[in-house]
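First comes the structure, then the notes that go with it.
The values are calculated or read from the model by the stated rules, or taken from the named source; none is laboratory data. Since we're looking at a predicted model, the values are computed, not measured. Here the Cβ is made from the backbone with ideal geometry for all residues, glycine too, and neighbour counts use every protein chain on show.
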Amino acid sequence: MSYWEENPRDQTVAISDEVVDLSFRIQCKALPVDHGWALSQAIQKLLPWLPQEPHAALHQILVAESGNGWHPPEEGDSLLYPSRRTRLTLRLPQHRLDEAIHALDQQSLHFNGHSLQLSRPETQRLSKLTTLYTRFALFNKGEDEDQFLSRIRQELASREIYPRKMVCGRKNQIKSASGSALTHSLMLADLTPREALSLQQKGLSEGKDFGCGLFLPHKTVENQLQEQE
């Protein structure tokens, strides 16, 4: 399902460091594909303010596809095997950075029989690309794809964000506070730079503390050149 409108717009904006990504190198033998909720609960023991902070979010841990044809499994109980380059990342406002680094650096997080050792914190500014996606946008109970896209458009319009293109992708069932939740991946394109920055800074209204509604740059050859400009 998609929503598509032509009429490209142009606008420039400086990428501020008001909200940034804070990442840690991890030591971890394995973790479940569907780890967002359990990981969030472990992090909230150290950062109890995470769900209430409007500009804070937790990235789900991604393990890159390999050059030999291996792809991460899709089943939630399957295991991922992080490499030395795999990182745990939080999106945080500047006023929370020092507190988060102090609380998490050199800590071990334990959940569902797995553990993560965190170290080497680094910060990175958000992207200036204007095509963004989230791997997990929460569906409401009984909602179809048209209703889902209409609800997302209304939420974004209330914040003066008007994507010209919206495309639903893969469905996932993930663990959540209610036991499980249905999600869709969602790509938004032809945003203005201001809209793209605002969307990265705040995401969608639900689920950011366990990896939902958090937007990342959708990188193609064309927009990677845009990012380098």
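Taking the stretch 127-172, which residues are assigned to a strand (DSSP E or B) and either farther than 17 Å from L214 by Cβ or aliphatic (A, V, I, L, M) (or both)?
Listed by number, the residues that qualify are L132, A137, L138, K165, M166, V167, K171.
From the list E75, E65, pick out the single residue that is under 27 Å from A177 (Cα atoms) and either part of a loop (DSSP other than H, G, I, E, B) or modelled with pLDDT of 95 or more (or both).
E75
Enumerate the pairs (first residue in the stretch 97-115 and without any contact (Cβ under 8 Å) to a residue 60 or more places away in the chain; second residue anywhere and loosely packed, with under 15 Cβ neighbours inside 10 Å and part of a strand (DSSP E or B)) with beta-carbon separation below 7 Å, excluding pairs fewer than 6 apart on the same chain, so at least 6 apart or on different chains.
Pairs that qualify, where the first residue is without any contact (Cβ under 8 Å) to a residue 60 or more places away in the chain and the partner is loosely packed, with under 15 Cβ neighbours inside 10 Å and part of a strand (DSSP E or B), are Q106/S119; S108/Q117.
Select from the stretch 173-212 the residues that are of a type in the set (S, T, Y) and assigned to a strand (DSSP E or B) and write down the one among them that is surrounded by the most Cβ atoms within 10 Å (Cβ to Cβ).
Only one residue tops the list, namely T183.
Report whether or not A137 is in the same structural domain as K202 (by TED's automatic domain parsing), among the aliphatic types (A, V, I, L, M) and exposed (fewer than 15 other Cβ atoms within 10 Å of the Cβ).
no
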